[in-house]
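Visitor: Handing you this structure, nothing more for now.
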Amino acid sequence: MHGDMRDSRRVDHQALTQGAFSGAMAFAKAAPLVVLDTLILAAIVDLARRVMLPTGSASPYLIGTLEAILNVFVFAPLMIAAHRYSVAGIVTGRMSGSLAGPIFGRFVKASLILALITVAGYGGGAFLSENLGPPLGTAVFFMAFAATIALSVRIGPLFPAIAVNADGAAWGAAWRDTAGHGWPIFFVLALCSLPFIFLGLPLEAAMREVEPLRVAGLILTIIRAVIETGWTLVLACAAGLIYKELARELLLAPPSGSASGGNGG
């Protein structure tokens, strides 16, 4: 019986991608203050980082690690709220609603672990690539990079499970629930990411040419915050939909929601 349930699951790229974008729009209309608060916080934190630790002033690995850690705390409340909305229709009206109870701590802990594993995999691959030289070093780098992407894809449904306080929210359960679905999940997340990547690449190039505290620099910082907030929101909604489709051991929460601090805030 359990095997039949697994066989019936599928990841529809088109439906999930469209659902992620439409879900993000619906969430922004239902909880505009959460989106606005996140956007403002993201812009302030990014500006502070660029002023205190400009690109090129320190190791790119150090800057990348710092950005990964900061982004966890900046975007975690938005992601929790978006997961709850996409999974159970729970509207978190203010950012404080995502901070209430033990869920925020569990969510941040898991996010930090995954972020640091990703940074370590990328940094370790780059270090070995530089020291081994091509072609072996290049192969090692891509293998390490692919491994971190694969881990993120397979573990992704864990975070909606934590957000809705599902009983089975665990790393191993997420890994088993996504077994055989890694590539379909990757394609959904890639499709959701492409518009933001195309917008972000030229923006990053432009930001390296201007001082952060000049008018142009401030405008670019705000635009970057908008792109990052939108990207995070769409991916969070996509993760929630994937969780609803694939969760077995993770266990779906009831539609009424048992998530602490989920209703309003």
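Visitor: Given G125, G121, which one is over 19 Å from the mean Cα position of the chain (by Cα), in a helix (DSSP H, G or I) and surrounded by 17 or more Cβ atoms within 10 Å (Cβ to Cβ)?
Guide: Values: G121 fails: over 19 Å from the mean Cα position of the chain (by Cα).
Just one listed residue meets the conditions, G125.
Visitor: Identify the single condition in (1) modelled with pLDDT of 85 or more; (2) part of a helix (DSSP H, G or I); (3) surrounded by 15 or more Cβ atoms within 10 Å (Cβ to Cβ); (4) not β-branched (V, I, T) that G93 does not satisfy, given that it satisfies every other one.
Guide: For G93, the failing item is (2).
Visitor: Residues A146, A150, A190: which one is in contact (Cβ under 8 Å) with a residue 12 or more places away in the chain, of a type in the set (A, V, I, L, M) and surrounded by fewer than 16 Cβ atoms within 10 Å (Cβ to Cβ)?
Guide: From the options A146, A150, A190, the qualifying one is A150.
Visitor: Cβ-Cβ distance below 6 Å, separation of 6 or more or different chains: which pairs start in the range 163-176 with a residue that is hydrophobic (A, V, I, L, M, F, W, C) and end on one that is modelled with pLDDT under 90 and surrounded by fewer than 19 Cβ atoms within 10 Å (Cβ to Cβ)?
Guide: Filtered contacts from the range 163-176: A166/L251; A173/E249.
Visitor: Name the one entry in S86, S96, S59 that is over 22 Å from G182 (Cα atoms) and touching a Gly at 6+ places or on another chain (Cβ under 8 Å).
Guide: Numbers: S86 fails: over 22 Å from G182 (Cα atoms); S59 fails: touching a Gly at 6+ places or on another chain (Cβ under 8 Å).
Within the list S86, S96, S59, the selection yields S96.
Visitor: Ok, one more. Of all residues being within 14 Å of A236 (Cβ to Cβ) and among the aliphatic types (A, V, I, L, M) in the range 186-195, which is farthest from the chain's Cα centre (by Cα)? Just the residue, please.
Guide: V188
Visitor: Go through the range 96-118 and give me each residue that's in a helix (DSSP H, G or I) and either small (G, A, S) or free of Cβ contacts under 8 Å to residues at least 24 places away in the same chain (or both).
Guide: Selection gives S96, G97, S98, G105, K109, A110, S111, I113, A115.
Visitor: Oh, and also: Conditions: (1) modelled with pLDDT under 90; (2) closer than 30 Å to P212 by Cβ. A100 meets all but one. Number of the miss?
Guide: Every condition holds for A100 apart from (2).
Visitor: Only one of (1) part of a helix (DSSP H, G or I); (2) touching an Asp or Glu at 6+ places or on another chain (Cβ under 9 Å) is not met by G168, so which one is it?
Guide: The single condition G168 does not satisfy is (1).
Visitor: Inspect the range 210-226 for any residue being outside any helix (DSSP H, G or I), among the aliphatic types (A, V, I, L, M) and under 17 Å from D46 (Cα atoms) and give the result as yes or no. Talk me through it step by step, then tell me what you get.
Guide: Narrowing the range 210-226 to residues outside any helix (DSSP H, G or I): 210-214.
Restricting the remaining residues to those that are among the aliphatic types (A, V, I, L, M) gives 210, 213.
Restricting the remaining residues to those that are under 17 Å from D46 (Cα atoms) gives 210, 213.
Yes, the range 210-226 contains at least one residue that is outside any helix (DSSP H, G or I), among the aliphatic types (A, V, I, L, M) and under 17 Å from D46 (Cα atoms).
Visitor: Take the residues in the range 202-232 that are among the charged types (D, E, K, R) and in contact (Cβ under 8 Å) with a residue 60 or more places away in the chain; name whichever of them is farthest from M95 (Cα to Cα).
Guide: Taking the candidates together, the pick is R208.
Visitor: Can you tell me which residue among L199, L241 is more than 21 Å from A26 (Cβ to Cβ) and at pLDDT 90 or above?
Guide: Numbers: L241 fails: more than 21 Å from A26 (Cβ to Cβ).
That would be L199, the only listed residue that is more than 21 Å from A26 (Cβ to Cβ) and at pLDDT 90 or above.
Visitor: For I222, are the conditions met, namely being touching a Phe, Trp or Tyr at 6+ places or on another chain (Cβ under 8 Å), at negative phi, of a type in the set (V, I, T) and at pLDDT 90 or above?
Guide: No.
The values are calculated or read from the model by the stated rules, or taken from the named source; none is laboratory data. Worth saying up front: this structure is predicted, and the values here are computed from it rather than measured. Glycine also receives a Cβ, built like all others from the backbone with ideal geometry; neighbour counts cover every protein chain displayed.
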